[in-house]
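What follows is a set of notes on a single structure, which appears directly below.
The values are calculated or read from the model by the stated rules, or taken from the named source; none is laboratory data. If you're wondering where the values come from, they're calculated on a predicted model, not measured in any experiment. Cβ placement follows ideal geometry from the backbone for every residue including glycine, while neighbour counts extend to all protein chains displayed. Heads up: the accessible areas ignore ligands, DNA and RNA and are worked out on the full protein's heavy atoms, side chains in. Shrake-Rupley method; radii C 1.70, N 1.55, O 1.52, S 1.80 Å.
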Amino acid sequence: MKEITATQQQLPEVAKAILETYPNERVFGFYGEMGTGKTTLIKEICRQLGVQDITSSPTFAIINEYWTDNGSPLYHFDFYRIDEPADATRIGFEDYLYSGSYCFIEWTEKVEEILQDDFIPIRIQRVDDYTRTFYF
C-alpha cells in the first residue's frame, strides 16, 4: 500500500501516482469524511485522463458521465444520498462497473457488497486544513 501526504497543489502528483500504480484497473472507490477532497482528487484524475468537461460532484444526480479526448466515457458516482445497495442496483450500477470504463465512486462503503473486492480503495485522511494523506 502506498501512502502520500500532499497539499491540494500537489494533487496532480497524487493522481499520477494512482494511475501509474494501477494502469489496468478501472474501478476505484474513494473513502474519506465529508470535505476531505474525494471530489477534488477525482477531478484531477479525470483531467489527467483527458477529460475536458467541467467535473463536479454528482451528489444529487448520483452519477456524472464525462468523456475523454479519445472519446471514452468515465463515470463518477456519489452514493452519499442512497440508503441501501439496492438503490444503486436500480440505476444500473453494475452495468457501469462491467463496462470496462473508468468508474470513480464516492461513499464506496454504501455499495461495497455489490463491488465485493473488484475495486481499488483510495483512502483520504485529513492532516490539517491544507494537507491530506492518501492511501492506495
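Looking only at segment 107-136, which residues are over 14 Å from Thr36 (Cα atoms), touching a helix residue (DSSP H, G or I) at 6+ places or on another chain (Cβ under 9 Å), outside any strand (DSSP E or B) and not charged (D, E, K, R)?
Taking segment 107-136 and keeping what is over 14 Å from Thr36 (Cα atoms), we get 108-121, 136.
Right, trim to touching a helix residue (DSSP H, G or I) at 6+ places or on another chain (Cβ under 9 Å) and you get 108, 110-115, 118-121, 136.
Next, from what is left, pick out any that are outside any strand (DSSP E or B): 108, 110-115, 118-119, 136.
Within segment 107-136, Thr108, Val111, Ile114, Leu115, Phe119, Phe136 meet the criteria.
Say we look at segment 20-58 and pick out the residues that are touching a Ser or Thr at 6+ places or on another chain (Cβ under 8 Å), of a type in the set (Gly, Ala, Ser) and closer than 26 Å to Asp128 by Cβ; which of these is least open to solvent (accessible area, probe 1.4 Å)?
Going through the qualifying residues, I end up with Gly29.
Out of curiosity, is Ala17 aliphatic (A, V, I, L, M), open to solvent by 10 Å² or more (accessible area, probe 1.4 Å) and without any contact (Cβ under 8 Å) to a residue 12 or more places away in the chain? Walk me through it before giving the result.
Working: aliphatic (A, V, I, L, M): yes; open to solvent by 10 Å² or more (accessible area, probe 1.4 Å): yes; without any contact (Cβ under 8 Å) to a residue 12 or more places away in the chain: no.
It is false that Ala17 is aliphatic (A, V, I, L, M), open to solvent by 10 Å² or more (accessible area, probe 1.4 Å) and without any contact (Cβ under 8 Å) to a residue 12 or more places away in the chain.
Give the residue that is surrounded by the fewest Cβ atoms within 10 Å (Cβ to Cβ), with candidates limited to residues of segment 86-106 that are in a loop (DSSP other than H, G, I, E, B) and without any contact (Cβ under 8 Å) to a residue 40 or more places away in the chain.
We begin by selecting, within segment 86-106, every residue in a loop (DSSP other than H, G, I, E, B); these are 91-92, 98-101.
Keeping just the survivors that are without any contact (Cβ under 8 Å) to a residue 40 or more places away in the chain gives 91-92, 98-99.
Numbers: Ile91: 14, Gly92: 10, Tyr98: 12, Ser99: 13.
So, considering only residues that are in a loop (DSSP other than H, G, I, E, B) and without any contact (Cβ under 8 Å) to a residue 40 or more places away in the chain, the one surrounded by the fewest Cβ atoms within 10 Å (Cβ to Cβ) is Gly92.
For Asp118, which of the numbered conditions (1) at pLDDT 95 or above; (2) under 21 Å from Pro23 (Cα atoms) fails to hold?
With respect to (1) at pLDDT 95 or above; (2) under 21 Å from Pro23 (Cα atoms), Asp118 is out only on (1).
If a residue has to be under 10 Å from Phe30 (Cβ atoms) and of a type outside the set (Ser, Thr, Tyr) to count, how many in segment 91-108 make the cut?
Of the residues in segment 91-108, the ones under 10 Å from Phe30 (Cβ atoms) are 104-108.
Then drop every residue that is not of a type outside the set (Ser, Thr, Tyr), which leaves 104-107.
Total meeting the criteria: 4.
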